[in-house]
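Before any comments, here is the structure.
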Amino acid sequence: MGRFGYTFPAIRGIQAGREYYVSMCPLRLIPRIFLFDEEELVPELRAQRTLNKNRIPEIARYILNNRRDYVFSALTASIDAEVRFEPIGEGDEGTRVGVLHVPMSARFIINDGQHRRAAIDLALKEKPELAHESIAVVFFLDIALERSQQMFADLNRYAVRPSKSIGVLYDHRDEMAKLAKLVVLRSKLFRDVVEMERSTLAVRSRKLFTLSAVYAGTKALLGRTGVGSPEERTEQAITFWDEVGQHFPEWQLVIDRKISAGEVRQGFIHSHAIVLQALGRIGNSLVKAPGNQWKSRLKRLRKLDWSRSNAKDWEGRALIGGRVSKSEHNVVLTANLMKRCLGMDLTPEEQRVEDAFLRGEYESASQPSTLAV
């Protein structure tokens, strides 16, 4: 083993007939022993994917902004070395707990958690006192690192990203998430027709909207830097959405159980997230006008033909090839048509997108989805 090395308090386990070890590692050691120097290698020679450097500052801010309640799951790492486990007791239980001795020459490769490792490094530079906190680490033995690529694939094989709706539902830090949940609970429009967990709706679902769609629409309505207390902003959003609901008769029919939500979603554009976000965009401009003229203006929404079969209005705006599109420029184009119906002026950016659409630049340029369904 040599004279110098690392010692980790550890619990020994067996998985797939191989020993592995669970330990706690001080944060100060994470950047020192878990190196990430494979970015210059071709993919087939790496043990993991390259770092997405845009994610690192975001994760570091999460640590720094939530010093008393941030949570990290365990890192998973492979050790390329002969190690020695020294149990502290006897018998089945006693031999599972002990000290893991790792030689100084060992290589540590992170199989899962490389972005957390980089974010910890960044956070330590701003808050050195984090050095004495710790994170759980699961160590696997992988001589010559032959298994590391397969481990990365296996660890991510069944990972499923939670839906945007349940992310909003369980988020107690995001003020807009808390506000959106209050809007759903208090609004006459949303109270019984919002799916709180899923971000996609089955054909037979009795729900008309998703929580993530309400979140996106309300965020567009109130803007990032809102004026007023959280309660005032909540009431402003409820007032707006309840007023909007008065001008979509199909929504009320669903609320009254006279028509199924699935029929409305299949037949009309207005029950999809793209329209809620577009409504939020125009509402952000409308409610800033003096008086309550915005309420009378909203009545003009009834003039639009919201049926999905109305390709003349919606194809290229809310639809691409007959399917609802959720890219940012489609949200803008959908809002532009509403603004024209309501007699509102377009902003310079909205006009630029509109002009590009009229020139045919967006006809086949559908972008990846960024919104909830």
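Every read-out reported here was derived from the displayed coordinates using simple, explicitly stated rules and does not represent laboratory data. This is a predicted model, so every value here is computed, not measured. Here the Cβ positions follow ideal geometry from the backbone for every residue, glycine too, while neighbour counts run over all protein chains shown.
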Q: Just report the Cα centroid separation between region 72-136 and region 261-280, whole Å.
A: 49 Å
Q | Interatomic Cα distance distribution for region 205-277, bins of 10 angstrom, percent | A | 18, 48, 25, 8
(Q) Angle check, please: helix 230-245 long axis (alpha carbons) against the longest principal axis of the chain (alpha carbons), in degrees 0 to 90, nearest 10. (A) 50 degrees
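Among Lys295, Lys53, Lys181, which comes first, second and so on when ranked by fewest other beta-carbon atoms within 10 Å?
Working: Lys295 16, Lys53 10, Lys181 20.
Exposure proxy ranking, most exposed first: Lys53, Lys295, Lys181.
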Q.
Quick check: the angle from helix 175-186's long axis to the longest principal axis of the chain, C-alpha only, nearest 10 degrees?
A. 50 degrees
Q. Suppose R0 equals 22 Å; then what is the FRET efficiency for Tyr70 and Glu197 from their Cβ-Cβ distance, rounded to the nearest 0.05?
A. 0.35
Q.
Between 0 and 90 degrees, rounded to the nearest ten: what's the tilt of helix 114-126 against the longest Cα principal axis of the chain?
A. 90 degrees
Q.
Please check: in the Gaussian network model of the chain (C-alpha springs, under 10 Å), which one of Ala261, Ala356, Ala220 has the largest mean-square fluctuation.
A. Ala356
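Over all directions, the average projected area of the alpha-carbon convex hull for region 109-228 comes to how many nm²? Before the final figure, lay out the partial values.
Details: hull surface 48.7 nm².
Over all viewing directions, region 109-228 projects a mean Cα-hull area of 12.2 nm².
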**Q.** Sum of -39500 (n - 2.57) over DSSP H runs of 4+, divided by residues of the chain (222 nm, nearest 500)
**A.** -11500 deg cm²/dmol
Q | Residue-wise HN-Hα coupling along region 85-90, computed from phi with Karplus coefficients 6.51, -1.76, 1.60 (Hz; x: Gly, Pro) | A | 9, 10, x, 9, x, 10
Q. For region 5-157, what class follows from the C-alpha gyration tensor (a ≥ b ≥ c being the square roots of its eigenvalues): rounded when a/c is under 1.5, otherwise prolate if a/b is larger than b/c, else oblate?
A. oblate
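Length gain on complete extension for the stretch Ile88 to Thr50, per 0.36 nm per residue less the alpha carbon to alpha carbon distance? Could you put the intermediate results ahead of the total?
On the way: separation 38, 0.36 × 38 = 13.68 nm, distance 3.92 nm.
Contour length minus Cα-Cα distance gives 9.8 nm.
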Q) Where does each of Cys25, Cys341 land when they are ranked from fewest to most other beta-carbon atoms within 10 angstrom? A) Cys341, Cys25
(Q) Counting just the Cα atoms, what span does region 160-201 cover along each of its three principal axes? Round to the nearest Å and put the largest first. (A) 33, 26, 10
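If exposed means no more than 15 neighbouring beta carbons inside 10 Å and the site is in a DSSP loop, what's the longest run of the chain without any exposed chymotrypsin sites (Phe, Trp or Tyr not before Pro)?
Values: sites that count: Phe4, Tyr70, Tyr158, Tyr170.
Formally, the longest exposed-site-free interval is 171-373.
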Q) Mean separation of Cα pairs under 8 Å and 6+ residues apart, divided by the residue count of region 232-373: what relative contact order is that in percent? A) 25 percent
Q. At Ser260 and Arg173, where each label point lies 7 Å from the Cα along Cα→Cβ, what is the point-to-point distance in nanometres?
A. 4.1 nm
Q: Starting with the fewest neighbours, write out Val331, Val244, Val214 ranked by other beta-carbon atoms found within 10 Å of each beta-carbon.
A: Val244, Val331, Val214
Q: Using all C-alpha to C-alpha distances in region 164-358, build P(r) with 10 Å bins and read off the rounded percent in each one.
A: 9, 37, 39, 14, 0
Q: Grab every C-alpha pair in region 262-329, bin the distances at 5 angstrom width from 0 up to the longest one, and report whole percents.
A: 3, 16, 23, 23, 17, 11, 6, 1, 0
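Could you give the C-alpha radius of gyration of the chain expressed as a fraction of 2.2 N^0.38 Å, taking N as the number of residues it contains? Write down the numbers at each step before the final one.
Numbers: Rg = 26.9 Å, N = 373, 2.2 N^0.38 = 20.9 Å.
Against the empirical 2.2 N^0.38 Å value, I get 1.29 for the chain.
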